[in-house]
Amino acid sequence: MKKITLFFTALLCLFSTSVLAESDSMPKQCEQLFKETENLIAQAEKQPGTHIQVNKIKSKLNQSKQQILQMELATQLKSCEVGLAKLSNLKSYSE
């Protein structure tokens, strides 16, 4: 439980580092990042005692997704690449 909380706190911090800009299209890296985080949230929902925290994390991640989608394309790409790298590091840490 504590490990999951730490993992999702780090994941939330990852998404909270986004900056602003503008764009309509989404790079494949962002699609992959969003898909992987949604899968992790689905796994967390199955863990006992995480329901309240998961709802808060979902809300913050949705806000972060909207921020990312408002960035210019190059910034989206860079942000999502960094996010995927950090997510990969978090996954290897939790294993």
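Of note:
- Of all residues in the range 20-54 being exposed (fewer than 12 other Cβ atoms within 10 Å of the Cβ) and assigned to a loop (DSSP other than H, G, I, E, B), the one that is modelled with the highest pLDDT: 46
- Taken over the range 62-95, the residue count meeting the criterion of being buried (at least 16 other Cβ atoms within 10 Å of the Cβ) and within 15 Å of residue 26 (Cβ to Cβ) is 14.
The values are calculated or read from the model by the stated rules, or taken from the named source; none is laboratory data. Since this is a predicted model, take the numbers as computed values, not measurements. Please note: Cβ atoms are built from the backbone with ideal geometry, for glycine as well, and neighbour counts cover all protein chains shown.
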